[in-house]
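The values are calculated or read from the model by the stated rules, or taken from the named source; none is laboratory data. Everything numeric in this text was worked out from a predicted model, so none of it was measured. Quick reminder, even Gly has a Cβ in these numbers, built from the backbone with ideal geometry, and neighbours come from all protein chains shown.
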Amino acid sequence: MAENIDEVKKKVKEFIIQDFMFGKGELKDEELLFESGIIDSLGFIKLLSFIEKTFNISFNMSEIVIEKLNTVNSIVNTILSKKGTT
Amino acid sequence: MDFSLDTNQQGLKKAAIELAEKKLNEGIAERDRKGEFSYEGWKACADFGLQGMMMPKKYGGMELSTLDAIVILEGIGFGCKDNGLIFSVNSHILGCEIPLLHFGTEEQKEKYLPGLCDGSLIGATAMTEAEGGSDIFGIKTCAVKSDGFYILKGSKTFITNAPVADVFLIYAKTDTSKKLSGLSCFIVEKGTPGLTVGKPIEKMGLRTSPMSEVFFDNCKIRKESLLGDEGNGLVVFGDSMEWERIFILASCVGIMDRLLAQAVKYTAIRKSGNNTINKYQAIMHKIADMKLRVEISRLLIQKAAWLKMHSKSAQMEASMAKLYISENCVKSCRDMIQIFGGYGYMVEYELEREMRDALASTIYSGTSEIQKNIIAALSGL
């Protein structure tokens, strides 16, 4: 089923706030997740796992670009692009 | 769902056991004592096709499936007592060939994979540094861009195969201001000015697998040596680790199975009082534990390999297999020593070497503690 950008963004934000920010605080759409320390290397694996399971997509590792998963907006774009809805 | 090996897989396993028993074991006690790598054994593995078993045929590989590969590795582990040699082969395949296959340009693949498959080139991968084992953010080695080249500065330690390697995959920081996206991977050839390999490091186990430090003193490499995109080294490393954690312990399943067979045979002839010791529950329970470990290990690794065969993520399964097999291989070695009693403690019976070799498996490719962190994180914690 096609998901719109707002639904995807809501799920991504909820996951990051819940799993990496102890359920507290504000997360801006363009906040740099890695540089700010919100997501570390283990968190990166967790993020990929969340995306694959939640949005039923499968990554070929050679197509992953870290910079394209560094903000909420870029994560959402990657998901939508992978699902062919952009 | 099918838990059996097909005819082809049975043949592959049998052939792997034969290779190991006939060509890889001679002189192992002496090589272990001296800490000596077997080039003859390496070549025998390459002639069999082991180094290239998962590589495409166009690069000289056998293009086997992941499930076929673990069947072969289990067979090798069952037959081969030179665990260090097999560790070196695994490190070569998983740390060097797989990243080249997954992230290399066509030019890079054509340049390196044929030699890595036929064993004429030996590969090594260098991530760990003296001040950081599992902490990849702590990496100090850096690569500075300059006039179309990268200049590598820094050092790596505990690098498997380094003393004999022809091709190194080096992880270095290309942007110190960035965290996850500041790491890149480079292909560096032996003999590159500024690259120095240190003296072999003496180890407790896996002594026939050579290891040393590697130093980079303004080591100048072409920009074409970058493997994958600049700043994407974490992805290259993460992919390599996922594969490594699945496959590197497949041979340990074979080792555990060999120890089990040895235990069954030994306890049927060894007497204590009027009975052979296999009549005592204390022994029977150890053997039951050993059998269970083999079966669970095999299932864990087959599931992870099956996921990769279907191009699915297997980070959690890889960590579970790595953790369970490494810890339980140590337990089976310990049980064997107890079953053999005083003989088990003697070098001649070769169990103390198995124990020393097995202990390393709880440390390399991420310690057991790191595997637990990954499993916990991916379980929703």
**OP:** Filter the range B:231-243 down to residues that are of a type in the set (A, V, I, L, M, F, W, C) and either closer than 17 Å to B:T174 by Cβ or facing chain A (nearest Cβ under 9 Å) (or both) and give me whichever is surrounded by the fewest Cβ atoms within 10 Å (Cβ to Cβ).
**Re:** B:F237
Original post:
So B:D335 fits all but one of (1) under 22 Å from B:I370 (Cα atoms); (2) in contact with a Lys or Arg (Cβ under 6 Å, 6 or more places away or on another chain); what number is the exception?
Top reply: (1)
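Listed here are the residues, each with its yes/no results for (1) without any contact (Cβ under 8 Å) to a residue 60 or more places away in the chain; (2) of a type outside the set (S, T, Y); (3) within 25 Å of B:S65 (Cα to Cα).
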position: B:A318; (1), (2), (3): no, yes, yes
position: B:K322; (1), (2), (3): no, yes, yes
position: B:G342; (1), (2), (3): yes, yes, no
position: B:D357; (1), (2), (3): no, yes, no
**OP:** Select the helices (runs of 4 or more DSSP H) contained entirely in the range B:1-96, then report the ones holding at least 1 residues which are among the hydrophobic types (A, V, I, L, M, F, W, C) and under 19 Å from B:D257 (Cα atoms).
**Re:** B:7-23, B:66-79, B:83-91
Original post:
Out of all the residues in the range B:288-311, which are without any contact (Cβ under 8 Å) to a residue 60 or more places away in the chain and in contact with a helix residue (DSSP H, G or I) (Cβ under 8 Å, 6 or more places away or on another chain)?
Top reply: B:D289, B:M290, B:K291, B:R293, B:V294, B:I296, B:S297, B:L300, B:K303, B:A304, B:L307
**OP:** Within the range A:60-79, work out how many residues are under 19 Å from B:K308 (Cβ atoms), at the interface with chain B (Cβ under 7 Å from one of its Cβ atoms) and not β-branched (V, I, T).
**Re:** 3
Original post:
How about the range B:63-92: which of its residues are of a type in the set (A, V, I, L, M, F, W, C) and crowded, with 20+ Cβ neighbours inside 10 Å?
Top reply: B:A69, B:I70, B:V71, B:I72, B:L73, B:I76, B:F78, B:C80, B:L85, B:I86, B:F87, B:V89
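Every residue, every condition in (1) within 30 Å of B:N83 (Cα to Cα); (2) more than 14 Å from every other protein chain (Cβ to nearest Cβ), yes or no:
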position: B:K220; (1), (2): no, yes
position: B:D229; (1), (2): no, no
position: B:R245; (1), (2): yes, no
position: B:L260; (1), (2): yes, yes
position: B:M284; (1), (2): yes, yes
**OP:** Hey, can you tell me all the residues within the range B:301-358 that are within 14 Å of chain A (Cβ to nearest Cβ) and of a type in the set (S, T, N, Q)?
**Re:** B:S311, B:S313, B:Q315, B:S319
Original post:
In the list B:D257, B:D217, B:D229, which residue meets the criterion of being modelled with pLDDT under 95 and either of a type in the set (D, E) or at positive phi (or both)?
Top reply: B:D229
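Output the residue which, of all residues in the range B:346-381 that are part of a helix (DSSP H, G or I) and of a type in the set (D, E, K, R), is surrounded by the most Cβ atoms within 10 Å (Cβ to Cβ).
B:D357
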Subject >> Criterion violated by B:G205 - all others in (1) within 14 Å of chain A (Cβ to nearest Cβ); (2) part of a loop (DSSP other than H, G, I, E, B); (3) not acidic (D, E) satisfied >> reply: (1)
Original post:
Considering the range B:118-154 alone, what residues qualify as being small (G, A, S) and surrounded by 18 or more Cβ atoms within 10 Å (Cβ to Cβ)?
Top reply: B:G119, B:G123, B:A124, B:A126, B:A143, B:G154
Original post:
Restricted to the range A:29-58, and to residues that are at the interface with chain B (Cβ under 7 Å from one of its Cβ atoms) and among the aromatic types (F, W, Y), which residue is surrounded by the most Cβ atoms within 10 Å (Cβ to Cβ)?
Top reply: A:F34
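For every residue, the table says whether it meets (1) polar (S, T, N, Q); (2) under 16 Å from the mean Cα position of the chain (by Cα); (3) more than 12 Å from chain A (Cβ to nearest Cβ).
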{"position": "B:S91", "(1), (2), (3)": "yes, yes, yes"}
{"position": "B:G95", "(1), (2), (3)": "no, yes, yes"}
{"position": "B:E106", "(1), (2), (3)": "no, no, yes"}
{"position": "B:L116", "(1), (2), (3)": "no, yes, yes"}
{"position": "B:L121", "(1), (2), (3)": "no, no, yes"}
{"position": "B:A126", "(1), (2), (3)": "no, yes, yes"}
{"position": "B:E131", "(1), (2), (3)": "no, no, yes"}
{"position": "B:T141", "(1), (2), (3)": "yes, no, yes"}
**OP:** May I ask you to list the residues in the range B:174-202 that are touching a Ser or Thr at 6+ places or on another chain (Cβ under 6 Å), part of a loop (DSSP other than H, G, I, E, B) and more than 14 Å from chain A (Cβ to nearest Cβ)?
**Re:** B:I201
